[in-house]
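Enquirer: Have a look at the structure that comes next, please.
Derivation of every value follows stated rules applied to the coordinates shown; laboratory data play no part. Keep in mind that this is a model prediction, so the values were computed, not measured. Don't worry about glycine lacking a Cβ; one is built from the backbone with ideal geometry, like all the others, and counts go over all protein chains shown.
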Amino acid sequence: MPNPGGSNASQDPSDETLRAAFADYAKENSGSGLEASHQIARLKQDFNLNIGRTTLFKLRKRVQAPSVRKTAKTMHPADLSQHIVDIKENDPLGLWGVDQVRGRLAIEGILATRRATRTALHDHFDDQRFVGNKKSKKHRTHLFALGPWHQEHSDGHEKLGEQALLLGKGIHLPIYGSKDQYAAWLHALVLMPNVRNALAIAHYYLDLVEGRGYRISIQLSVDGGTECTEMLKIHETLRADAAPEFVPPSWPTDNTPIESFWRWKRNGEGRSIRNTLEEGVDPGFFLPNDHIHHFLLSKDKRNGSGLSPKNLFLNPQAGRITARNCSIQSMEAYGGQEAREKAYRFVSPLFQEAEDRAYVDLGLPNIEMTTIWIVFSNVVRYLEEHFDIAEISDSLYSP
């Protein structure tokens with residue numbers, strides 16, 4: 001409820017805290033930010049502030065909250081264009097459009113209008129546009145979730161796998177991820193040595209549950225692969241212990257939300273990452289037979305649409321008034337630190353220590369799309385100069 005008197009149940013946050021909160025709100029939804037009503041709801045949730053629209057705008061003015069309008073007034077178009085050019089350096093295939101670029105600008109604290117972003121892209125990268133008919137879409141039924149934490153979807157992604165990259169035997173970068181259906185919130189996206197190993201995926205899920213404050217969703221949907229068996233057992237055990245009133249899922253088990261995410265990710269960084277990896281072979285930066293090189297590397301939606309995934313996840317009613325938080329609070333029930341470390345290990349601890357030392361002694365160089373192979377070559381050269389190659393090659397990885 002609005003609070004005309006300005007009195008709240010707890011001490012008001014400082015102007016610095018409020019400004020930081022408004023800055024975070026502005027970064028959501030690919031840099032479009034949250035609308036006023038959603039900002040009011042988040043202030044209530046984050047700071048127990050009960051205010052109305054008028055007080056909200058007064059607060060924003062008092063703390064000088066950032067906005068796209070202020071950026072348009074204070075930043076010269078040439079400076080904005082330069083920021084966009086810098087961001088597009090990490091998009092060698094030219095796949096990032098207005099929303100992708102605006103989202104990355106927002107992460108850097110630069111709030112740009114769609115028009116300004118589109119103009120800059122048109123002026124500097126118009127030759128990268130590919131206009132044509134879209135492929136026909138598969139007919140799908142509407143997805144429906146009660147709210148965040150109702151239905152969670154997990155899947156592995158191997159577009160950077162061994163058979164996809166074709167860089168050599170055992171050279172792969174598989175990814176595993178989990179996504180909330182209602183909010184489209186990405187719970188996790190983890191690079192793992194093996195996304196087809198049931199024990200590895202089990203430890204991935206245990207880490208995920210712990211990192212979320214021991215919360216689990218009511219339903220966990222997967223594609224039915226053998227790598228999911230232990231993860232599903234863990235989920236069922238935790239749910240039966242923490243919320244026995246829930247029976248096995250009766251909702252649709254289509255894994256569409258996470259599977260469709262891979263296409264979005266591929267059109268974002270995915271193809272650019274793959275292209276950059278493949279570029280390292282021809283010049284000789286990467287030698288597949290060298291052991292050191294080998295291991296160093298809708299508008300019709302019934303759920304929320306067109307809104308910030310983070311805000312939908314934290315404030316479900318922003319997307320649908322009947323939505324609610326469906327999380328189940330669970331407890332830590334499984335151990336095995338040694339097995340957990342092995343699940344995430346690409347190389348042996350000895351080799352990891354050696355490459356970490358090389359990276360530190362080289363001055364912790366910044367790793368980006370345009371510098372990755374330069375850093376790679378420098379680390380390899382350091383290892384060859386400071387370590388016994390035969391010894392370090394024999395200890396690369398212990399299965």
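Enquirer: Can you figure out the FRET efficiency of residue 20 with residue 245, using R₀ = 30 Å and their beta-carbon distance, to the nearest 0.05? Provide the component values of the computation, followed by the final result.
Expert: On the way: r = 40 Å, r/R0 = 1.32.
Using R0 = 30 Å, I get an efficiency of 0.15.
Enquirer: To continue, here is another question. Amide H to amide H, which residues 5 or more places from residue 188 or on other chains are under 5 Å from it, using H placed in the peptide plane?
Expert: For residue 188, the qualifying residues are 178.
Enquirer: At 7 Å along the Cα-to-beta-carbon direction for both residue 76 and residue 188, put a label point, then send me their distance in nm to one decimal.
Expert: 4.8
Enquirer: In this model, which of 70/179; 27/58; 88/179 are farther than 25 Å apart at the alpha-carbon?
Expert: Checking Cα-Cα distances, 70/179; 88/179 exceed 25 Å.
Enquirer: Something else now. Which whole-Hz ³J(HN,Hα) couplings does the range 172-180 yield from phi under the Karplus relation 6.51 cos²θ - 1.76 cosθ + 1.60, θ = phi - 60°, glycine and proline marked x?
Expert: Karplus values, whole Hz, x for Gly and Pro: 7, 9, x, 10, 10, x, 9, 9, 7.
Enquirer: Report the GluC sites (Glu not before Pro) located in the range 184-254 that are in a DSSP loop and have at most 12 other Cβ atoms inside 10 Å of their Cβ, or state none.
Expert: Those that pass, being in a loop and sparsely packed, are 245.
Enquirer: Subtracting the Cα-Cα distance from 0.36 nm times the residue separation, let me have the gained length for residue 53 to residue 67 in nm, one decimal. Before the final figure, lay out each step's value.
Expert: On the way: separation 14, 0.36 × 14 = 5.04 nm, distance 1.64 nm.
Working it through step by step, the gained length comes to 3.4 nm.
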